[in-house]
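S.K.: Sending over a structure as structure tokens; questions will come in a sec.
Every number here is computed from the coordinates shown, using simple stated rules; none is lab data. What you see is a predicted model, and the numbers here were worked out from it, not measured in a lab. When we count neighbours, we look across all protein chains shown, and the Cβ atoms used for this are built from the backbone with ideal geometry, even at glycine.
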Amino acid sequence: MSAHGEPGRDRPLVGRGPELDDLDDALSSVSAGSGSIMLLEGEAGVGKSSIAHAVRTTAHLLGLEVRSASASAVPRRPFALLADALLPARPVPGAEDALGPVPSRAASPVEEELAALLDGARDTPAAPAVVARTEELFTALVRRRGDSGPWLLVLDDLHLADEASLAVLYRLAREGAVERALLLATMRPVPRGAELATVVAAWTRAGARYVELRPLAPTAVVELAESRVGAPVGPALRGALATTGGNPRFVADLVQAVQDAGALVPMPPGGVDVAHDGWVGPLDALVVARLDYLGADVTALLARASVLGSSFVVGDLAELAELPVAHCWRVLRHALAAGVVHARGDRLAFRHDLVRTALYAGLDPAGRRDLHARAARALQEAGAPPAVVERHLHRTV
Ligand SMILES: Nc1ncnc2c1ncn2[C@@H]1O[C@H](COP(=O)(O)OP(=O)(O)O)[C@@H](O)[C@H]1O
Ligand SMILES: [Mg+2]
């Protein structure tokens, strides 16, 4: 599996054999001349960028040309994603002194025209005719790049792409597969705007393959943690790892927090385990910060749900939060799509217990006591067993 990583710089990916095999097959078919589109979707931190990186490395080894860019959360200018991926790097005005000239490959006439159009639109919004011409040129650039050999285009975090780039991708999809190219796009299930949904639908009609990147299996989680600490891990750390829900970013965060807190101690024979819980507070804060992308409405409601336990009935949450049930469902839809909670019959369950405990820890103590009191009342009225009601009453003092 380490063949998929760049030795020295990258850590090998664990538990992704089938996905990488699929992508290797797609690369081989592109080398043989056909066109292919793959959409890689998965929750935040599940490993999309890591897979994209591994695919780039393999493509280099196969002698494919690689073009790649990541969309960013910071608002960007129109066509930013495609310009980053497809146009030769140019010196940033004012940056020459500090960094020296940026090396760039020679631009083709189409690339030069594109660069000029984008420069012209730097300070003022471009006229519709200019936007149309820019779209046309980007489309042609992607279509024709295969003339000089098979290539790979990676667009990471497409859910953050600028609308103008999405318009080009839509147009390409409508015209059918791009010969001699593998187009690989990664995206989160949320946030998903209407433009992205349209592009994904058009690509699906054009024959795109859709790969859902699932959480890592429990054995892979332990393997990942052991590769990070360099030793077999003991039962207490394994227990903590089980709360990550198979999300490699949370595994990495947890291991880092344990190491930073100096909580990792040798455990004969030859293993390591956690010795104290000084890492829990810093990890909670980091995990809550990682949920920012969901928006304050969603995290606030999830924090209240955390009082109810690792799974909860939405009606009880509505009661507790003093909100209409329909409103709760609207808010929780995002958490469901993001993979933070999943549905279990009429209940929702937190997918990563460490998310629940982090949100719970982030509630202020007085508010938390009040929520437990309201939970006790709501659950009693809903007919919950006395012991469950009692557990909440205990936490109100
Ligand atoms: N299969 C894996 N094996 C080992 N580490 C992984 C794996 N997948 C992801 N990681 C690590 O987890 C973190 C998050 O991965 P990343 O690819 O950035 O996720 P995403 O792009 O889906 O948000 C990174 O530190 C990455 O190195
Ligand atoms: Mg990523």
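S.K.: Nearest 10 degrees, 0 to 90: what angle lies between the long axis of helix 280-290 and the longest principal axis of the chain (Cα atoms)?
M.R.: The angle comes out near 40 degrees.
S.K.: Along the Cα→Cβ direction, 7 angstrom out, place labels at ARG209 and ALA300. What is the inter-label distance in nm?
M.R.: 4.5 nm
S.K.: Given a Förster distance of 22 angstrom, what is the FRET efficiency for HIS342 paired with GLN259, based on the Cβ-Cβ distance and rounded to 0.05?
M.R.: 0.15
S.K.: In Å, what Rg and Dmax follow from the Cα atoms of region 2-212?
M.R.: Rg then Dmax for region 2-212, in Å: 17.1, 49.
S.K.: Next up: For the peptides 113-124, 158-169, what is the packing order when you average, over each peptide's residues, the other Cβ atoms within 10 Å and list the highest mean first?
M.R.: Packing order, densest peptide first, comes out as 158-169, 113-124.
S.K.: Right, here's the next one. Largest first and in whole Å, give the semi-axes of region 175-291's equivalent ellipsoid, each being the square root of 5 times a Cα gyration tensor eigenvalue.
M.R.: Over the Cα atoms of region 175-291, the ellipsoid semi-axes are 40, 17, 10 Å.
S.K.: So what does log10 I(q)/I(0) come out to for the chain at q = 0.08, 0.10, 0.12 Å⁻¹, using the Debye formula with one equal point on every Cα and no solvent?
M.R.: Values returned for q = 0.08, 0.10, 0.12 Å⁻¹ are -0.54, -0.81, -1.05.
S.K.: Find the centroid of the Cα atoms in region 323-363 and in region 40-62, then give the distance between the two in whole Å.
M.R.: Region 323-363 and region 40-62 have Cα centres separated by 28 Å.
S.K.: Fully extended, how many nm does the chain gain between THR396 and LEU323 (0.36 nm per residue separation, minus their Cα-Cα distance)?
M.R.: Taking THR396 through LEU323 to full extension adds about 24.2 nm, to one decimal.
S.K.: About its Cα centre, what dipole magnitude does the chain give when the only charges are +1 on Lys and Arg Cβ and -1 on Asp and Glu Cβ, stated in debye to the nearest 20?
M.R.: 640 debye
S.K.: Ok, one more. Compute the angle between helix 163-175 and the longest alpha-carbon principal axis of the chain, please, reported from 0 to 90 degrees and rounded to the nearest 10.
M.R.: 70 degrees
S.K.: At a temperature of 4 °C and a viscosity of 1.567 mPa s, determine how fast region 227-287 diffuses translationally according to Stokes-Einstein, using the Kirkwood radius over alpha-carbon pairs as Rh; express D in µm²/s, rounded to the nearest whole number.
M.R.: It diffuses with D of about 112 µm²/s by this estimate.
S.K.: For helix 296-306, report the angle its Cα long axis makes with the longest principal axis of the Cα atoms of the chain; keep it between 0 and 90° and round to the nearest 10°.
M.R.: 30 degrees
S.K.: Could you give the nm distance between label points at ALA285 and ALA349, where each point is 7 Å from its Cα heading toward the beta carbon?
M.R.: Taking the simple label geometry, ALA285 and ALA349 are separated by 3.2 nm.
S.K.: Between SER148 and VAL229, what FRET efficiency follows from the Cβ-Cβ distance if R0 is 41 Å, with the result rounded to 0.05?
M.R.: Computed FRET efficiency for SER148 and VAL229 comes out at 0.35.
S.K.: Could I ask something else about it? Would region 23-90 count as rounded, prolate or oblate if I go by the C-alpha gyration tensor, calling it rounded below 1.5 in a/c and otherwise prolate when a/b exceeds b/c, oblate otherwise?
M.R.: Cα axes put region 23-90 in the oblate bin.
S.K.: Same structure again: Could you tell me, in Å, what Rg and Dmax come out for the Cα atoms of region 294-394?
M.R.: Final numbers for Rg and Dmax: 12.5, 35 Å.
S.K.: Could you pull the Cα extents of region 217-356 along its three principal axes, largest to smallest, in whole Å?
M.R.: Largest first, region 217-356 extends 55, 26, 22 Å along its Cα principal axes.
S.K.: For ALA252 and GLN380, what does the FRET efficiency come to when R0 = 56 Å and r is the distance between their Cβ atoms, rounded to the nearest 0.05?
M.R.: Calculated transfer efficiency: 0.85.
S.K.: Figure the gain on full extension for ARG11 and ALA73 (residue separation times 0.36 nm, minus the Cα-Cα span) and round it to one decimal in nm.
M.R.: Stretched out fully, the ARG11 to ALA73 stretch lengthens by 19.7 nm.
S.K.: Karplus couplings for region 382-395 from phi (6.51 cos²θ - 1.76 cosθ + 1.60, θ = phi - 60°), rounded to Hz, Gly and Pro as x?
M.R.: Each residue of region 382-395 in turn: 7, x, 5, x, x, 5, 5, 4, 4, 4, 6, 4, 4, 8 Hz.
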